[in-house]
Amino acid sequence: MRIKGRRVHIAGSADKDTPEHLLRYAHELVAHLVQELSKEGATFIVGVGKEPLARPDDLSSPAIIFDWTALEAAHKCLKDGVSLAQGSQGRLIAAVVTSKSERQVPESRLHIWNELRREHAVKLEFIEPGWTSGAIRRTRQAQLGDILIALSGGEGVEHLAQEYAAAGKPIIPFDLDLGSSRGDGSGGAARLAQKALAHPERFVRFVDPDTSGDLLARLATRQGSVAIMDIVHSVVDLIHALESPTAFYVRLLNNMVPEFGAVEYFFRNVLNPVVKNFGYKAIEMGQEASTYAWMNEAIFDSLHYSSVVVVDLTALRNNCFMEFGYALGHGNRILLTAQKGTHLPFDSFALDCHYWEDSISDDQRITQLEEYWQRTIDRPPLVKPRSLL
């Protein structure tokens, strides 16, 4: 997997009674991870709000969460020119917040937060006013993220891991056991790290599955006794060994339909280069060997677990609308396209669609599609979750 453009979510926490040397090891690990991944072009999902300390009355004590350590490292990378405030697939930082989040930013961290905002390096997405459910925020974070890196923690980390697993996205848990800030959960990332060794296919998908044992074993910190940069380099190596995220194509496939030639040309000469440039692997029914006995199973399984779904509604095919509806309901990232002159029905007409043309050069069409991709790739879900809180 190419790291450039991937949005990495670093999450975790520690118990306030964790030995300080272990807590400082964890913070240093997070900081170096952000620095190394930034060099490769990664962007990040980070929590924004309070920074509870292990000893609240001692400002020199380390925090029991890692969000501000990650933000501080990302801010430094931006100032040093290692990272860009905005890239081809979004801003450096994405955060899902409540209306109270900014009021909870510690005074000592305000300069970092304000500078990141001034540089337009932050994408803020607010949940409904009054909603405080961490589960709602985590669900949306998992939709926005590409890779989860988990460090100790409790129920929150375990829920995030489940959300990423349900979407077929990589989960990289560390064995470092620091407890959790709320004293909950069933072992957090440390327990997940043990499970990953036994069942790697549940956590990550490697290009070469035979490498899974070695690559996951190299993440072992041995409770903070392994050099931090060795662990960081092992994480980078592991990500490079992962399968690329997929972009599933929903499109006209019947070559007897008049519009087929134009659609085929658009996908081969415009869409394919854009998908490849953004680091995705295209999945298109009928273009590769299938391991499924039933075509419909292959379609919906691939669609469900794809990071991006490209829906082209040229010729208004019923099967395309069916798959489009599934992707909308599942909360996939969706790019909606159609040949210029296509008249979409009412329910689709209101959505931002890229109408591609035949009368301009391929280079122009690629540029237009890339601009549309950047503008819409992180549009919010069609239906917002409900909460009783």
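Do you know which of the residues in region 334-375 that are more than 20 Å from residue 249 (Cβ to Cβ) and β-branched (Val, Ile, Thr) is surrounded by the most Cβ atoms within 10 Å (Cβ to Cβ)?
My answer is 367.
Name the strands (runs of 3 or more DSSP E) wholly inside region 121-197 in which the number of residues that are in contact with a helix residue (DSSP H, G or I) (Cβ under 6 Å, 6 or more places away or on another chain) and on the phi > 0 side of the Ramachandran plot is 1 or more.
In region 121-197, the matching strands (runs of 3 or more DSSP E) lie at 147-152.
Go through (1) in a loop (DSSP other than H, G, I, E, B); (2) more than 30 Å from residue 19 (Cα to Cα); (3) β-branched (Val, Ile, Thr) and name the single condition residue 263 misses.
Checking residue 263 against (1) in a loop (DSSP other than H, G, I, E, B); (2) more than 30 Å from residue 19 (Cα to Cα); (3) β-branched (Val, Ile, Thr), the one that fails is (1).
Looking only at region 78-102, count how many residues are touching a residue at least 12 places away in the same chain (Cβ under 8 Å) and in contact with a Leu (Cβ under 8 Å, 6 or more places away or on another chain).
So the answer is 10.
Looking at 85, 94, which is the one that is under 21 Å from residue 4 (Cβ atoms), touching a helix residue (DSSP H, G or I) at 6+ places or on another chain (Cβ under 7 Å) and surrounded by fewer than 17 Cβ atoms within 10 Å (Cβ to Cβ)?
Residue meeting the stated conditions: 85.
Within region 108-115, identify whether any single residue is within 20 Å of the chain's Cα centre (by Cα) and outside any loop (DSSP other than H, G, I, E, B), and answer yes or no.
There is no residue in region 108-115 that is within 20 Å of the chain's Cα centre (by Cα) and outside any loop (DSSP other than H, G, I, E, B).
Do we have residue 140 as closer than 30 Å to residue 60 by Cα and either surrounded by fewer than 21 Cβ atoms within 10 Å (Cβ to Cβ) or charged (D, E, K, R) (or both) here?
Answer is no for this residue.
What number of residues within region 185-199 satisfy the criterion of being of a type in the set (Gly, Ala, Ser) and under 18 Å from residue 238 (Cβ atoms)?
5
Being touching a residue at least 12 places away in the same chain (Cβ under 8 Å), β-branched (Val, Ile, Thr) and either touching a Phe, Trp or Tyr at 6+ places or on another chain (Cβ under 6 Å) or surrounded by fewer than 19 Cβ atoms within 10 Å (Cβ to Cβ) (or both) is the requirement here; does residue 65 meet it?
Criteria not met by residue 65.
Under 8 Å between Cβ atoms, at least 6 apart or on separate chains: pull out the pairs that start in region 300-323 with a residue that is over 15 Å from residue 338 (Cα atoms) and end on any residue that is among the hydroxyl-bearing types (Ser, Thr, Tyr) and crowded, with 18+ Cβ neighbours inside 10 Å.
302/246; 305/246; 306/246; 307/246; 307/280; 308/246; 308/280
Between residues in region 255-273 that are surrounded by 13 or more Cβ atoms within 10 Å (Cβ to Cβ) and residues that are part of a helix (DSSP H, G or I), which pairs lie under 7 Å by C-beta distance while being six or more apart or on different chains?
The qualifying pairs are 270/362; 270/365; 270/366; 270/369; 271/369; 273/366.
We did not get these values from a lab; they are worked out from the coordinates using the rules stated. The model shown is predicted, which means the values in this text are computed figures rather than measured ones. Note that we place each Cβ from the backbone using ideal geometry, even for glycine, and neighbour counts take in every protein chain shown.
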